[in-house]
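The values are calculated or read from the model by the stated rules, or taken from the named source; none is laboratory data. Just so you know, these numbers come straight off a predicted model, no measurement behind them. Because the Cβ atoms are built from the backbone with ideal geometry, glycine has one as well, and the counts that use them run over all protein chains shown. All accessible areas refer to the heavy atoms of the entire protein, side chains included, with ligands and DNA or RNA removed. Shrake-Rupley method; radii C 1.70, N 1.55, O 1.52, S 1.80 Å.
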Protein chains: 4
Amino acid sequence: MEKLHFASDYMEGAHPQVLDALVKTNNRSTPGYGDDEFCKAAKKEILRTCGCPDGEVYFLVGGTQVNAVLIDAILRPYQGVIAADTAHIAVHEAGAIEYGGHKVLVCEGEEGKLSARAVRRMIRDYVDDANREHMVMPGMVYLSQPTEYGTLYSKEELEDISAVCRDAGIPLYVDGARLAYALAAPENDVTLEDMAALTDAFYIGGTKCGLLFGEALVMTGRSKIPHFFSMIKQHGALLAKGRLLGVQFQALFQDGLYERIGMPAIENAARIKRKLRERGYELAVDSPTNQVFVTVDNALLQRLGERVEYSFMEKVDEDHTMIRLATCWSTTEEKTAELLKLF
Amino acid sequence: MEKLHFASDYMEGAHPQVLDALVKTNNRSTPGYGDDEFCKAAKKEILRTCGCPDGEVYFLVGGTQVNAVLIDAILRPYQGVIAADTAHIAVHEAGAIEYGGHKVLVCEGEEGKLSARAVRRMIRDYVDDANREHMVMPGMVYLSQPTEYGTLYSKEELEDISAVCRDAGIPLYVDGARLAYALAAPENDVTLEDMAALTDAFYIGGTKCGLLFGEALVMTGRSKIPHFFSMIKQHGALLAKGRLLGVQFQALFQDGLYERIGMPAIENAARIKRKLRERGYELAVDSPTNQVFVTVDNALLQRLGERVEYSFMEKVDEDHTMIRLATCWSTTEEKTAELLKLF
Amino acid sequence: MEKLHFASDYMEGAHPQVLDALVKTNNRSTPGYGDDEFCKAAKKEILRTCGCPDGEVYFLVGGTQVNAVLIDAILRPYQGVIAADTAHIAVHEAGAIEYGGHKVLVCEGEEGKLSARAVRRMIRDYVDDANREHMVMPGMVYLSQPTEYGTLYSKEELEDISAVCRDAGIPLYVDGARLAYALAAPENDVTLEDMAALTDAFYIGGTKCGLLFGEALVMTGRSKIPHFFSMIKQHGALLAKGRLLGVQFQALFQDGLYERIGMPAIENAARIKRKLRERGYELAVDSPTNQVFVTVDNALLQRLGERVEYSFMEKVDEDHTMIRLATCWSTTEEKTAELLKLF
Amino acid sequence: MEKLHFASDYMEGAHPQVLDALVKTNNRSTPGYGDDEFCKAAKKEILRTCGCPDGEVYFLVGGTQVNAVLIDAILRPYQGVIAADTAHIAVHEAGAIEYGGHKVLVCEGEEGKLSARAVRRMIRDYVDDANREHMVMPGMVYLSQPTEYGTLYSKEELEDISAVCRDAGIPLYVDGARLAYALAAPENDVTLEDMAALTDAFYIGGTKCGLLFGEALVMTGRSKIPHFFSMIKQHGALLAKGRLLGVQFQALFQDGLYERIGMPAIENAARIKRKLRERGYELAVDSPTNQVFVTVDNALLQRLGERVEYSFMEKVDEDHTMIRLATCWSTTEEKTAELLKLF
């Protein structure tokens, strides 16, 4: 019997409409490297949706890749990027930012979130330090929406961080690997237009949100990065058949699909959370998106292991373990019900 | 009227059998990052075909990416990579090797090819130089089969270069972005098994040879690179849904498809070359694979421009231009005939 | 009236015996890059003193340079270096380690010191993490003797950390920018021989301990780094007239000068600490070497500012500031007495 | 009997006036990192001499270091530096430029010199290439005065290259490791003021021209590099006792010493060249500065080896070898006469 898949949100292929678009366009001949009609149309639609027609969109293959290329392109050699201590770039990118020559300047986060106050203090500490020229200068701010723990920045929180960045004259960049799951969450009050208005750059995650692969980096128009195309190439991040990204994102943004595609994930995650709470389980983080962090005892852990793919988070004590259950755009109510029978 | 597409070999989607495999497996849930059954099966089949069961296969997305990650993983900081002056890594990767901290040590090539003699001399010059510790040490040799100009190394030539490398104790690596077109060429006498026997690593090109995207890096077993997975991740080169590469390569290696897939390209390129020669055109390089380099006058160039996508190579003089016509696995006899009517 | 100099330990030129040696040898012609008799003799004497005749010594110009070159030479690209959060490489080298592509993996230190327990936990956390291949691997341990706060590792503490490193198979490296001040401290029980026995590499600081400039990196013999000379050159760290370093270190190690040279610093720092404690000042760190950290009120701070060069550490509150007073090999009892009159 | 030293121009210590300045200032206490009166005065004097009071001067320790730090600071990641194929940065810096992530774009030089025509063609080739965004963009031009072969750019040649650079909007940088020997050569018509007027940056070599160590990088005022100090630190290139550089350069620029200091080198090199030509020796390069390249037969080579330190250049054939004899500021007529007796 096949296991129930709640280990992560990149375990299946593409949303049917996306796959369909790839199949239908397969025999078309187009120029390479994104210089094709599909990419152009998709970029236009994304900028329209984000309300920033003067911005630019670059399509890349994966999230770590976007982070590495963009951060390296924005920062000068003497600068680093401020991030939460649990940030993907700080922990789970195998040192990709440092490989590019830059320090990740970590602030203690709360449930994965940076605060405007912590960012302001870090910038001010640098500016005030008599030895600052011997230190790494904060050159940009990185955060994720949703965060690694599935938590969300409110519009107000994002405005505050954005204001701190603008006061300091440094760009704000948001990693949106799971952005569709933020947009689909009832608790969320940050739209794509808000993202474009409040940041200098952000990426709209595709890999975890319905595509085979692909992320759309939106430069919101405040600043251009000259020769960014060459920097993508230099990082080995330029897709020869760039149109694959255009075709997929065009499908993902048709008729507002992107803003709806996360809903099954959110609904099923909500079901899981509700039931687990009812049954007295402790949820480690109060996450409103598609990730549920729950602590289970050894007996249950073994039972789950036989039937469910989940993610191990950490051993809490001899008898308990925190695990993560992730839903996604393809999660069904039926599978969720099966999962919940095990608790 | 749609143009005739002879600009390059990455202008369309995937071979039907490859696309079909992606569609059929789309709803399957698998672990990420290549730890799935499709990848395992594809790797096994590739190693079997190459006759090196003790080797390892890593799937990556694109060619520049493979080159950058592998070369960086093999070389120590004080080493560089020997390559022909026209090599892809020397000219057309936007400095990806240097971005990784390494010098490309160029030898003058002949029609894109390195000679064993030139490699031996470069290594010996380093060893003999009293100032060698102030210089970049040759740490590996890079070549392409076929080369940038579509030319081929014979088995004997490859054996000679391989022998030079082994004498010097440095690895030999072959870029096979268009390897299928070498394998399908009647002039070719180098099999995949020969490649595995004579090199330390080589990659089997997928992007230009029937896949949506993807390259299979074969480490032939002579040396392992510890933590190569982490280095792939660090370069932003790890595909989350790694199984997409496994699925595609499994289809590409089923029933020997890879060794056949280049044939239409070779046959149609041969047709083009034969006709052009008959009509008195000068072919700049005598290339036995899927690229035809021909010099045309301005009048013809304009006529072609209206009907054909081709690649500009260089302005020869006021009146003449060298262009490249590339065929591929999907090129048809009909389209080729249409093209030839224009000459 | 000239100010009293207690801002740091690199404010003057060289110890008279060192300067004298430079003057006496000035007209001698020698080969460059350290291939001269002075360097050879100095290296031999250092290895003899450290009791590791099979080790190697490399002379470099400054401390950040030694750290950057050595750490880059030891680590593989996927590895980082464990250090205390207050370590020089973590805070005050302008990102030199990250510039070389490596992450500094910080542990919370106590008064600048790493504990064996924290190091062991960091290594174990990496090994135990299911996602470790997406993370930076601990590849070496860095610590300073004395630390940034002037504190000392006891021999037992160093043995414990050394044992953790050997269990884990990773090298231990000690930054000895101020090592002479450790050796001269009565509280110290770690000799140069102990350093050589317990570490894989450490450097003997010259710049802050009597030389015009220069640090002696001792590789204790456990592992050699091939082509380290080329890596020094590649970092722009190779001194053309390398013999200047040999001449200075020869003088510094003659008749045990290095082990005595820190004594005036220690004696005068002890005087300062004793008096300040007597007068009720709060010493922020109980440092047994040549740095005194004291909190003063605004009135005193202003008075000091008129007469003394000191280092600003941090603003404690509206009315108080923590400052650092550093003594050095050339500090005299008279100047110290003058300083103390101001408190 | 001590050998005659003609191997290079960095085999002795400092010019007596320079050493004297170091001795006299040894006991002075100053702030570190170049923030002292000696550095300020020396910088002012250098800018005055160069006629660019709005420029900036940075003191570094060695030539490879200056090249690596400056080139890295000027170039954006997608850019490379144009240089002659024999340039120091292209051959003898162990890959320091590539270590910083940048390609050296080599042009074939003539006797070590770049021509304006070659630079213009390389820039134009890039601009004209349809694939230029896949290539490394020329971002600056590097040349040496004198070159590796001791040859000189005339003022007219330098004006031409400077004009090409300004047309293209890219900076021109000159490596002046041996600049004093250019200034002292009768054939030279390029003054320090010309250098400042025609370049964006150049460095005035100290190590080979009378100092213990040290190079003065002059940014001529056309462009500032923000936070260059931090980048120096990040490269491990910041001297703690920065005043040592100020003291030395102050002495070197006192009463025009720098413009005179190369004279003995030039006079003695001229003697050597005249005599060798008279005696029928073939001089490989017609070098007007302090390096003489001469081809000798095996018998003479052995005789020289017993009495003279020289530099091996290359084996010309079985019976002949090209060697280099370098004079310097301290070379005497007596030693030169002794040398010439051997030919």
Along the dipole axis of region B:159-298 (charges at Cβ: +1 for Lys and Arg, -1 for Asp and Glu; origin at the Cα centre), the most positive-end residue among B:219, B:231, B:265 is B:231
Semi-axes in Å, largest first, for region B:38-104 (Cα gyration tensor, √(5λ)) are 27, 13, 11
Compute for chains C and B the buried accessible surface, both sides summed, probe 1.4 Å, and express it in Å² to the nearest 100. 1800 Å²
Sorted from largest down, give the three principal axis spans of the alpha carbons of the protein assembly as shown, whole angstrom values. 85, 85, 53
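If I take every Cα pair under 8 Å that is 6 or more residues apart in chain A, average their sequence separation and divide by the length, what percent do I get for the relative contact order?
25 percent
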Heavy-atom accessible area of chain B with neighbours in place, 1.4 angstrom probe: carbon+sulfur share in percent works out to 47 percent
Can you list, bin by bin at 5 Å, the percent of alpha carbon pairs in region C:69-129, starting at 0? 4, 19, 26, 23, 20, 8, 0
What does the charge count near residue B:322 come to, summing +1 for each Lys or Arg and -1 for each Asp or Glu among other residues with Cβ under 13 Å from its Cβ? -3
Taking R0 as 25 Å, what FRET efficiency do you get between residue B:110 and residue B:132 from their Cβ-Cβ distance, rounded to the nearest 0.05? 0.40
Take the Cα gyration tensor of region D:286-343, multiply each eigenvalue by 5, square-root it, and list the three semi-axes largest first, rounded to whole angstrom. 20, 14, 8
Would you jot down the residues in region C:68-96 that end up with at least 30 Å² less accessible area in the complete protein assembly than in the chain alone, with a 1.4 Å probe? C:76, C:77, C:78, C:91, C:92, C:94
Helical contribution to [θ] at 222 nm, DSSP H n ≥ 4, -39,500 (n - 2.57), averaged over chain C, rounded to 500: -11500 deg cm²/dmol
Given points 7 Å out from each Cα along the Cα-Cβ axis, report the residue C:163 to residue B:23 separation in nanometres with one decimal. 6.6 nm
Two-site FRET efficiency, residue B:254 against residue B:155, from Cβ-Cβ distance with R₀ of 22 Å, rounded to 0.05: 0.25
Choose one answer from D:305, D:210, D:262: the residue with the largest mean-square fluctuation in a GNM of chain D with alpha-carbon springs under 10 Å. D:305
Where only protein heavy atoms count, and the probe is 1.4 Å, what is the accessible area per residue for region C:74-182 in Å²? 34 Å²
The protein assembly as shown - charge dipole about Cα centre, Lys and Arg +1 at Cβ, Asp and Glu -1, debye rounded to 20: 0 debye
Find every distance from the label point of residue A:17 to the corresponding label point in the other copies (7 Å from Cα along Cα→Cβ) and write them in nm, one decimal, shortest first. 3.4, 8.1, 8.2
Looking only at B:150, B:221, B:205, which one moves most when chain B is put into a Gaussian network model with springs between Cα atoms under 10 Å? B:221
Can you bin every Cα-Cα distance in region A:1-152 into 10 Å intervals starting at zero and give me the percent of pairs per bin, rounded to whole numbers? 9, 26, 31, 22, 9, 2, 0
What is the Cα convex hull volume of region D:220-343 when expressed per residue in Å³? 193 Å³
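Report, as a whole number in µm² per second, the diffusion coefficient that Stokes-Einstein gives for region A:191-251 at 10 °C and 1.306 mPa s using the Kirkwood radius over alpha carbon pairs. Show your work: numbers first, answer last.
On the way: Rh = 12.9 Å.
Answer, rounded: 123 µm²/s.
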Rotation relating A and C, chain C residue nearest the axis via C-beta, angstrom: C:98, 2
Which of rounded, prolate, oblate describes region C:123-243, given a ≥ b ≥ c as roots of the alpha-carbon gyration tensor eigenvalues and a/c under 1.5 marking rounded, otherwise prolate only if a/b is larger than b/c? oblate
What whole-number value in cubic angstrom gives the convex hull volume per residue for the C-alpha atoms of region C:158-217? 69 Å³
From the protein chains alone at 1.4 Å, what is the descending order of accessible area for D:259, A:334, C:333, largest first? A:334, C:333, D:259
How crowded by other chains is A:18-25, given as the mean number of beta carbons from other chains within 10 Å of each beta carbon? 3
List the pairs from B:155/C:224; A:24/A:44; B:224/D:233; A:113/A:208; C:24/D:208; B:103/B:233 whose alpha-carbon separation is above 28 Å, in the order I gave them. B:155/C:224; B:224/D:233
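Test of understanding: express the Cα radius of gyration of chain D as a ratio to 2.2 N^0.38 Å, with N the residue count.
For chain D, the normalised Cα radius of gyration comes out at 1.01.
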Interface residues in region A:98-112 - accessible area drops by 50 Å² or more relative to the isolated chain, probe 1.4 Å: A:98, A:99, A:103
In vacuum, with every alpha carbon of region A:1-44 counted as one equal point scatterer, what does the Debye formula give for log10 I(q)/I(0) at q = 0.27 Å⁻¹? Two decimals, please. -1.06
Shortest-first distances to equivalent copies, position residue C:320, nm, label 7 Å out along Cβ: 4.0, 8.2, 8.7
Among A:206, A:32, A:246, which one shows the highest mean-square fluctuation when chain A is modelled as a Gaussian network with alpha-carbon springs under 10 Å? A:32
DSSP bridge orientation in chain A - percent antiparallel, rounded to nearest 5: 55 percent
Measure out, as a whole number of angstrom, how far apart the alpha-carbon centroids of region A:161-234 and region A:274-343 sit. 30 Å
Under the convention of a label 7 Å out along Cα→Cβ, give the distances in nm from residue C:256 to the same position in every other copy, shortest first. 5.6, 8.2, 8.6
Take every Cα-Cα distance within region A:1-85, group them into 10 Å bins from 0 onward, and report for each bin the whole-number percent of pairs it holds. 12, 27, 35, 20, 6, 0
How big is the charge dipole of region D:228-343 about its Cα centre, in debye rounded to the nearest 20, if each Lys and Arg gets +1 on its Cβ and each Asp and Glu gets -1 on its Cβ? 500 debye
What one gets for region C:63-165 as the Kirkwood radius, inverse of mean 1/r over different Cα pairs in Å, is 13.9 Å
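Residue D:223 to residue A:314: FRET efficiency via 1/(1 + (r/R0)^6), r the Cβ-Cβ distance, R0 30 Å, to the nearest 0.05?
Given R0 = 30 Å and the Cβ-Cβ separation, E is 0.05.
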